[in-house]
Amino acid sequence: MKRCPECGRDYDNSMMFCLDDGAELLYGPAKSEPGAAAAGFPSDEPQTAILHSTAAPGEAPTRAQIHMTDQTAILPRGAEAEPQSKIGGVAEKQSFSANRVAKPLVVVVVTFLIFVGGFFGYRYFKPAGSGQINSIAVLPFENRSGSADTDYLSDGIAESLIFRLSQLPDLKVSPVSSVIRYKGKEFDAKKIAGELGVGSVMSGRMTQRGDNLTISVELIDVANNKILWGEQYDRKLSDLLATQREIAATITQKLQLKLSGDEKGLTKKYTNSSEAYQLWLKGRFHFARRTEDDLKKSIEIFQQAVKLDPNFALGYVGIAESYSVIPSYPYASPAECIPPAKVAIAKALEIDPDLPEAHTVAGMIASAYEWDWAKAEADFKRSLELNPNLAITHYRYAWVYLSPLGRHDEAVAEMRKATELEPLSTIQNANFAAVLMYAGRIDEAVEQAKKTYDLDPTHIGSLNWIAHSLNAKGRYAESLEYSAQAERTGFKPYATKGVSFAFSGQRDKAMEIVKIWQEAESRRYIMNYWVAVTLGALGDRDGAFAELEKAYKNHDWFLMRLKTDPFAEPLRSDPRYKEMLKRLNLPE
């Protein structure tokens, strides 16, 4: 280890001169860094990389913050691929100390070291005997603003970083649904990395005071227990877009990625309106909650965003995605939700034809509600071409396209890929059990459903599909126990209960469920598909096909499952069954 005799900063032995002041580096301890002792840091202890200021031009530079650990690598500035002024256009390198500025030789040496340092600095990212770091988890940022009203902003900063980094083909990024569980919990980078299967973890803190933002970030190489990079950003709220792009670009350089293409997913501007971008973050915050009120609120917020910037493609994707999810619960009918969803997604693709998220939502609408399987496949494949690392695309490709068509091996493979990319997504893991169930792999479905239940026993998706998979196994009493547990959360598990009662011969109880549906139908949208399945299990085929006709007219979310659903077995010998498959464009 070498140290600068002027500022006390530590460097790798391969470095010769300090990148801050040009002083020749010495082996062993140097004099204390000014202020170190006062801050409580003994001068004979190893020090980590300085968390240096990136204050915007015209603002007072932020005081450097220092993190102490005896295992942290010191990252020379020369490890950066290029000066930060080229990354974000808002920060410049610190000047050399006054007593060195006048020496032209130092300028030449330091310029040379910026390039050489990048080569030697690479050793911190590719230690002997280990592979290149190519995976990262961006944890929810800690909100230190003292108000929960700004949670959407701290959560949104992390989500937007995840979104941008996910565009990179050589980087595995843990998605929001996997990392959100760590919000507000004690930080243990090694444990988190092990659970998510990543090599690096990024944590951050955000403080908002009026229009002023302070964002601090740290990037940790978990395998070697080293802080690869730390930085503090003092910005105006209006600079949020540029700051987020700067952080994403810097992380990419620190990880020494060999990128393919032009990195446009990292650097492209989705909007020039800071206010529209903040509204998008807030809309995503509500969308993630999935309650009826939150989904409707998210649509309102996304609509405000695109009103501010009519060319904000992601805002239109948000509108379309929220609308297309609502009928699957069902909070409203496809007739109410799908027309505006189609308008919004068409607008998004008109603005940005190469936006993978837009193609994914378009594929979901085409398959689940329109039964246009050719269009759905084209959209899903285009999304995967644009970004093969989007877990949501692999998941929805399997869930609403491959599985309904009976292409089970492909569906299972895509679900495995999705869970590799996003191992802790409860809804994704729950629906993996469903894909296995529809594939006839019932024992695996029960096992997967129970694993998901262990992951989150309170999640509606978890409870729903463990009950369904147990029904498929014929364990109706056990299924009803999980249905009762779901009911205690406020959810109405009529589908799982109706199937349990009907297939177990409890006719009176099954008909009670049917009557609940029929009475509710005059007041709100219901899924007639499940009424049909329950009546079919009771032997009432005419009643079942009458309900299927309603489901067809309403474009029910679950009607696309008719070909592969084990609960539709009592209907398959009826000629009307094959006719319905034909009308749904499903192969026999």
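Structure notes:
- Here the gap between E420 and S147, fully extended at 0.36 nm per residue and compared with their Cα-Cα distance, gives a gain of 94.8 nm.
- Spatially, the range 477-498 and the range 294-357 are offset by 31 Å when compared through their Cα centroids.
- Normalised by the number of residues in the range 454-588, the average gap of Cα pairs under 8 Å and 6 or more apart makes the relative contact order 16 percent.
- Checking the cross-link pairs K236/K307; K282/K307; K172/K417; K172/K375; K172/K282 against a 18 Å limit on the alpha carbon distance flags K236/K307; K172/K375; K172/K282 as lying beyond it.
- Anisotropy class of the range 470-541 from Cα gyration tensor, a/c 1.5 cut: oblate
- Amide proton proximity set for E142, modelled H, under 5 Å, gap of 5+: G204, R205, M206
- Förster radius 56 Å - calculated FRET efficiency between N225 and A477, Cβ distance, rounded to 0.05: 0.65
- Sequence of H468, H555 from largest to smallest accessible area, 1.4 Å probe: H555, H468
- Global geometry of the range 474-588, whether rounded, prolate or oblate, following the gyration tensor of its Cα atoms and the 1.5 cut on a/c: prolate
- From phi via Karplus (6.51, -1.76, 1.60), per-residue ³J(HN,Hα) for the range 527-540 in Hz, x at Gly/Pro: 8, 5, 4, 6, 5, 4, 4, 5, 5, x, 5, 7, x, 8
- Distances between placed amide hydrogens fall under 5 Å for K226 paired with D221, all partners being 5 or more residues away or on another chain.
- A Förster radius of 45 Å, combined with the Cβ-Cβ distance separating L237 from R507, puts the computed FRET efficiency at roughly 0.15.
- Rounded to whole numbers, the Karplus 3J(HN,Hα) couplings from phi for the range 381-391 are 5, 5, 4, 5, 5, 6, 8, x, 9, 7, 4 Hz, using 6.51 cos²θ - 1.76 cosθ + 1.60 with θ = phi - 60°, and x at Gly and Pro.
- Cut-off 19 Å (backbone N to label point 7 Å along Cα→Cβ of K582), residues of the range 526-550: 545-546, 548-550
- D454 - accessible surface, heavy atoms, 1.4 Å probe, Å² rounded to 10: 120 Å²
- With all protein chains modelled, accessible area of Y277 [1.4 Å, Å²]: 10 Å²
- Ranking by accessible area, most exposed first, for E447, E588 with a 1.4 Å probe: E588, E447
- Karplus (6.51, -1.76, 1.60) ³J(HN,Hα), θ = phi - 60°, over the range 311-325, in Hz, Gly and Pro reported as x: 9, 8, 4, 5, x, 5, 4, x, 4, 5, 5, 4, 4, 6, 7
- Less than 5 angstrom separates the built amide H of R441 from none of the residues sequence-distant by 5 or more or on a different chain.
- For the peptides 434-443, 279-288, the ranking by packing is 279-288, 434-443, with the highest mean count of neighbouring Cβ atoms within 10 Å listed first.
- Placing D151, D372 in order of accessible area, with the largest value first and a 1.4 Å probe, yields D372, D151.
The values are calculated or read from the model by the stated rules, or taken from the named source; none is laboratory data. The structure displayed is predicted, hence computed values, not measured ones. Every residue, glycine as well, gets a Cβ built from its backbone with ideal geometry; the counts of neighbours run over all protein chains shown. Areas reflect the complete protein model, heavy atoms only, side chains present, ligands, DNA and RNA absent. Shrake-Rupley method; radii C 1.70, N 1.55, O 1.52, S 1.80 Å.
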